[in-house]
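Structure record follows, encoded as structure tokens.
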């Protein structure tokens with residue numbers, strides 16, 4: 001029995017280093033294949049940097065379900081303009097991220113009052129922690145609908161967007177996370193909300209969603225107003241029932 005054990009140990013001591021050597025050889029061969037042998041294989045720091053840079057150039061893939069959901073949305077909302085809403089989603093997300101970057105929630109345009117309050121709380125939290133979140137060179141590669149559902153008087157369309165930017169976190173002026181030069185590839189989800197029947201909405205906070213005058217864009221503070229207090233434009237109940245972005249979140 002002891003003889004078999006010794007043989008097993010000896011074979012293991014031989015095979016493990018051999019397997020490691022073969023793995024290293026295969027890795028080097030793969031790297032040479034894709035780099036043409038121009039990369040210095042002994043410089044692991046350079047190799048790591050090149051791999052990170054390569055990953056930073058590849059946009060994230062989306063769960064595109066637009067072709068599936070658009071016929072259903074069109075059946076429920078014949079006037080729904082998909083191209084227009086895609087552009088609105090992109091501009092709203094860029095405005096949202098730039099507000100975080102500038103630490104000024106008033107620079108965010110669009111969205112419900114609930115979303116604006118959430119953004120303000122997020123920025124205030126970062127200020128209290130002496131954290132500055134930077135978004136630079138923002139670029140959106142694509143956007144798609146990933147979900148559509150109706151429930152209790154609410155209609156929700158979720159957009160998914162592939163985003164590229166320079167993103168980092170600074171704490172007391174020192175880099176804490178991310179990079180100041182490498183691109184960051186990620187994706188965001190945005191919920192586009194439509195209150196179809198305000199009396200059936202179960203969540204009371206939905207009754208306080210922010211709306212704007214269709215003529216001048218001024219905020220409408222209450223549904224009791226029959227005309228805009230700024231420009232005097234008449235406001236009908238059906239004009240207040242509009243699509244608004246209610247939540248924005250990074251989707252990892």
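No value in this document is a laboratory result; all are computed from the given coordinates. Since the structure is predicted, the reported quantities are computational estimates derived from the model, not experimental observations. Quick reminder, even Gly has a Cβ in these numbers, built from the backbone with ideal geometry, and neighbours come from all protein chains shown.
Taking the number of other C-beta atoms within 10 Å as the exposure measure, put 251, 159, 245 in order starting with the fewest.
251, 245, 159
If I take R0 = 22 Å and measure r between the Cβ atoms of residue 70 and residue 117 in this structure, what FRET efficiency does the formula 1/(1 + (r/R0)^6) give, to the nearest 0.05?
0.10
Can you tell me the relative contact order of region 72-198? Whole percent, Cα pairs under 8 Å, sequence separation 6 or more.
20 percent
How high is the FRET efficiency between residue 233 and residue 63 when r is their beta carbon distance and R₀ equals 35 Å, given to the nearest 0.05?
0.30
Once all Cα-Cα distances of region 50-105 are split into 5 Å bins that start at 0, what whole-number percent is in each one?
Percent of Cα pairs in each bin: 4, 14, 12, 16, 16, 15, 12, 7, 3, 1.
Label region 68-169 by shape, choosing from rounded, prolate and oblate, from the square roots a ≥ b ≥ c of the eigenvalues of the Cα gyration tensor; if a/c is under 1.5 it is rounded, and otherwise prolate applies when a/b is larger than b/c, oblate when it is not.
Taking the square roots of the gyration eigenvalues as a ≥ b ≥ c, region 68-169 is prolate.
Neighbour counts of other C-beta atoms within 10 Å: give me 88, 169, 192 arranged from fewest to most.
Fewest to most other Cβ atoms nearby, the residues stand as 169, 88, 192.
In what sequence, highest mean first, do 181-189, 62-70 appear when ranked by Cβ atoms within 10 angstrom?
Answer by packing, highest mean first, reads 181-189, 62-70.
For 92, 109, 158, what ranking results if the residue with the fewest other Cβ atoms within 10 Å of its Cβ goes first?
Result, fewest neighbours first: 109, 158, 92.
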